[in-house]
Amino acid sequence: ARDDVRPRIPAILERCKVDPKRPLQREWAIFAVRALCADNAENQAFIASLEPQKIDTDPDTLRSFGLQDVRLAPHPDTGRPEVKIAMAKNPRRAQPASSSSAS
């Protein structure tokens, strides 16, 4: 039964992202992937053979996660694509001095 689902695994993996409109979608997708891969070397190998297709680089989406940039780059040893993440720089803002007057 789990082998019959193999062609649909990419669609399940696409749901392993945060979606504010469907907050539990990611959790259910991760649970499904775990169940499909438990004691199933063929499904594990299938997932390992997949290549990244795209990364959401929308600036608003990145900022909402505290990121500045996300891109794919080849790993120096294996040549396989890997995700490179640049965190957003959040300069500390000077806090106004609290004025406490003694009475």
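Before moving on, here are some points about what is shown:
- Near the amide H of Glu82, within less than 5 Å, lie the amide hydrogens of Ala73, His75, all on another chain or at least 5 residues away, with H placed in the peptide plane.
- Here the 3J(HN,Hα) profile of the range 33-47, calculated from phi with Karplus coefficients 6.51, -1.76 and 1.60 at θ = phi - 60°, is 4, 4, 5, 5, 9, 4, 6, 9, 4, 5, 5, 4, 5, 4, 5 Hz, Gly and Pro shown as x.
- The chain: calculated mean residue ellipticity at 222 nm from DSSP helix runs of at least 4, using -39500 (n - 2.57): -9000 deg cm²/dmol
- R0 of 25 Å, Cβ-Cβ distance Ile30-Leu72: FRET efficiency to nearest 0.05: 0.70
- Whole-percent pair-distance distribution, where bins are 10 Å wide, for the alpha carbons of the range 14-77: 17, 36, 36, 11
- Given 12 as the ceiling on other Cβ atoms within 10 Å, longest exposed-site-free region of the chain for trypsin sites (Lys or Arg not before Pro) in DSSP loops: 55-88
Values quoted throughout were computed directly from the atomic coordinates according to the rules given, and no laboratory measurement underlies them. Here the structure is a predicted model, which is why all the values come from computation and not from measurement. Note that we place each Cβ from the backbone using ideal geometry, even for glycine, and neighbour counts take in every protein chain shown.
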